[in-house]
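The values are calculated or read from the model by the stated rules, or taken from the named source; none is laboratory data. Remember, predicted model here, so these are calculated numbers, not experimental data. Every residue, glycine among them, receives a Cβ derived from its backbone with ideal geometry; neighbour counts consider all protein chains shown.
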């Protein structure tokens, strides 16, 4: 039997620490980036028991008219329908050195907690939360549903069906379609051809005008990738020759003046292509089953090869979905969508990928501006660690000058905090003159 360190907090205390930390970790995207879920208006729910059912009343409506005492006129109220959010069980197993769970001779802090051990457990279990968060858009159960010899990459994106997959199933079921008014064709949202080209904004506005009138009357969030959002903003500025610009908020969302109820929400891991979703706040949902006895974190001291190691196993039941897919609350474009490598890529390494792009695609010549990461010129993807603070600086070139980052910031120097997952950032440059 190996001799354990004298200041090891003990299995019972470690189990308590793990259980306290796991209550937040299990919330997936609600834990890894709560500010992002708030910005995107995502509804985070807990306490669900395997399936969460949403009851939706579809109103048929009717015509109210002056009463004729000699006849009876009936108006159909509508009917109830159910939408279920299906949750799936995921688990992971981690091994760590016992040295990370040895506190000082004083044992605990003023509140009777174990600060070092809590930090160590949180660092381990955050990896689990990051994997849950990575499935929110592109997760697809079918990638690993009863199949043998599935690559690790596919397993990592098969924890539960993400939003794109849920919407795909609704399209296959005929719930989302042109006939139902919630699948609306839209001309391509490409980069402006020049400084006078407003086509990206015009195409977006024409798509907006085709939404169900009830949706246009409500506060609406429109999800898309960052390039598509940038193209719309550039097209808007070109249409009004710079006299009017979009209004960015601190999180990167922006509003187009004249469309006060519509908020554009650029999403870094939304995918490649110009597909867009327009919906009311809290219509995208992420749920965690905290009631099941299969949701837990367990601690074991010692492994078969090393008795001075700690094992932690965590598992949880979660799912995502679209509550109301009908035209009065949801509309999508028919744009393309593909999963980018940096989102569904290496789950062992966490890389920062920086891209330099032209603000106007038709500008001639190569971009001669540069970007430095932590003071060094960016050349290749850079491996990062959780909570690492990263400094980026864009520098003007002779022919091209920096315009903005894809998160909306126009500051040349910015800082990011690494999330533990791969990250992508684009710096836009505009040709002088």
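Structure notes:
- Some residue of the stretch 390-409 being surrounded by fewer than 17 Cβ atoms within 10 Å (Cβ to Cβ), at positive phi and touching a strand residue (DSSP E or B) at 6+ places or on another chain (Cβ under 7 Å): no
- From 163, 176, 184, 171, residue being within 29 Å of residue 29 (Cβ to Cβ), touching a strand residue (DSSP E or B) at 6+ places or on another chain (Cβ under 8 Å) and surrounded by fewer than 19 Cβ atoms within 10 Å (Cβ to Cβ): 171
- If you go through the stretch 37-49 and keep only what is crowded, with 20+ Cβ neighbours inside 10 Å and assigned to a helix (DSSP H, G or I), you end up with just 37.
- Within the stretch 418-433, the set of residues being in a loop (DSSP other than H, G, I, E, B), in contact with a strand residue (DSSP E or B) (Cβ under 7 Å, 6 or more places away or on another chain) and either at positive phi or in contact (Cβ under 8 Å) with a residue 60 or more places away in the chain (or both) comprises 418, 420, 421, 422.
Rundown of residues vs (1) surrounded by 18 or more Cβ atoms within 10 Å (Cβ to Cβ); (2) modelled with pLDDT under 85; (3) assigned to a loop (DSSP other than H, G, I, E, B); (4) in contact with a strand residue (DSSP E or B) (Cβ under 7 Å, 6 or more places away or on another chain), yes/no style:
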position: 275; (1), (2), (3), (4): yes, no, yes, yes
position: 282; (1), (2), (3), (4): no, no, yes, yes
position: 298; (1), (2), (3), (4): no, yes, no, yes
position: 304; (1), (2), (3), (4): no, yes, yes, no
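- Among the residues of the stretch 263-277, the ones that are more than 23 Å from residue 423 (Cα to Cα) and in contact with a helix residue (DSSP H, G or I) (Cβ under 7 Å, 6 or more places away or on another chain) come to 0 in all.
- The residue that is modelled with the lowest pLDDT, counting only those in the stretch 1-23 that are part of a loop (DSSP other than H, G, I, E, B) and in contact with a strand residue (DSSP E or B) (Cβ under 6 Å, 6 or more places away or on another chain), is 5.
- Subset of the stretch 323-334 that is modelled with pLDDT of 95 or more and either outside any loop (DSSP other than H, G, I, E, B) or within 19 Å of the chain's Cα centre (by Cα) (or both) - its residue that is surrounded by the fewest Cβ atoms within 10 Å (Cβ to Cβ): 332
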